[in-house]
Amino acid sequence: MKDISSAIQLIPLENYVFLSVALFSIGMMGVLFRRNTIAILMCLELMFNSVNLLLTAFSAYHSDPAGQVFVFFIMIVAAAEVAVGLSIIVMMKRNVDSVDINLLNRLKW
Amino acid sequence: MVFLFYLLSAIMIICALLVVFSKSPINNVIYLIVCFLAMAGHYILLNAQFLAVVHVIVYTGAIMVLFLFVIMLLNLNKAIILRKSTVTRVSAVITGGIFFLVLLAATRQTFEIHAKYPFASDFGLVSGIGKVLFNEFLLPFEMSSILFISAMVGALMFGKKDV
């Protein structure tokens, strides 16, 4: 407990910022890269979690618990979003018999 | 401890890249679970034990199992070859890389290396978070139940065969 809390002071805050930036970029790349809708939803979760990690890091370094409460609320919203998104995917599979995002390309324009 | 940070970060980055680049949806889910477990380790390293436990329960316990159930129900476990064209994939990688570089260059300039803040070690525990959650954020906490029930009704309506 004591050495865990002293570990924060050894790691500069910049490292967490860089890690979150890397994760967010990987998630964005995945959204552009994949055609499978479920994989796109997973990459979306990756982006959500990079922001969560950044909020938690800032909250821990500033000693402000409000940031961690925000992360808790983001998790609540993410759970609701995943339930609705997966049911949309199930409906898409039922209607067009595929999870290919390119079949829905009329949503672009 | 610093070594632990770099180890968890390496696991997270590698698993995130594997989520993007591996083909089978089941493998994607497994790599995402490993990535989320490493993130729970990061939360413990940041002394946010409550968030670590909630993250393991909600993300790896509920959301990822939901993904697995949908993949099982839709029978997607065989690796379907769904690929964008080579131009689109290469440009996606370039866009992600440029986005990463721009954000990195923008955030490099904005911080001192060692930010000196007054440090308290006990607010990330359940009691500290609970005091804030039920004093200052009680109304949003109750409102989230409305969000949940509307999401549940919406998911059920989407899932029905003939409305």
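Alpha-carbon geometry of the stretch A:52-103: the Rg and the Dmax are 17.2, 50 Å, given in that order.
In the protein assembly as shown, a dipole from Cβ-located charges (positive for Lys and Arg, negative for Asp and Glu) runs towards its positive end, and of A:61, A:19, B:18 it is B:18 whose Cα lies farthest in that direction.
Once the Cβ-Cβ distance between residue A:109 and residue B:82 is put in as r, and R0 is 22 Å, what FRET efficiency do you end up with, to the nearest 0.05? That pair, residue A:109 with residue B:82, gives E of 0.50.
Given +1 at the Cβ of Lys and Arg, -1 at the Cβ of Asp and Glu and no other charges, the dipole of chain B around its Cα centre is 740 debye to the nearest 20.
Scoring A:81-90, B:95-104, B:55-64, A:34-43 by mean Cβ neighbours within 10 Å over their residues and listing the highest first yields A:34-43, A:81-90, B:55-64, B:95-104. Neighbouring Cβ atoms from other chains, within 10 Å of the Cβ of residues in B:9-22, number 5 on average. For the stretch B:21-67, what does the alpha-carbon gyration tensor say about shape, rounded, prolate or oblate, given a ≥ b ≥ c as the root eigenvalues, a/c under 1.5 as rounded, and a/b over b/c as prolate? Verdict is oblate for the stretch B:21-67.
In a solvent-free Debye calculation with one equal scatterer on each Cα, what is log10 I(q)/I(0) for the protein assembly as shown at q = 0.08, 0.10 Å⁻¹, listed in the order of the q values? Each listed q corresponds, in turn, to -0.36, -0.55. Report note on the peptides B:22-32, B:66-76, B:131-141: ranked by the mean count of other C-beta atoms within 10 Å, highest first, their order is B:22-32, B:66-76, B:131-141. Computing Rg and the Kirkwood Rh from the Cα coordinates of chain A gives a ratio, Rg/Rh, of 1.11.
Relative to the longest principal axis of the Cα atoms of chain A, the long axis of helix A:13-33 lies at roughly 0 degrees.
Fewest neighbouring Cβ atoms within 10 Å first, the residues B:122, B:162, A:64, A:97 line up as B:162, A:97, B:122, A:64.
What the Cβ-Cβ distance of residue B:139 and residue A:62 gives, at R0 = 25 Å and to the nearest 0.05, is a FRET efficiency of 0.60.
Only the coordinates and a few stated rules stand behind these numbers; no lab work does. For clarity, every value in this text was computed on a predicted model and none was experimentally measured. No Cβ is skipped: glycine too gets one built from the backbone with ideal geometry, and neighbour counts run over all protein chains shown.
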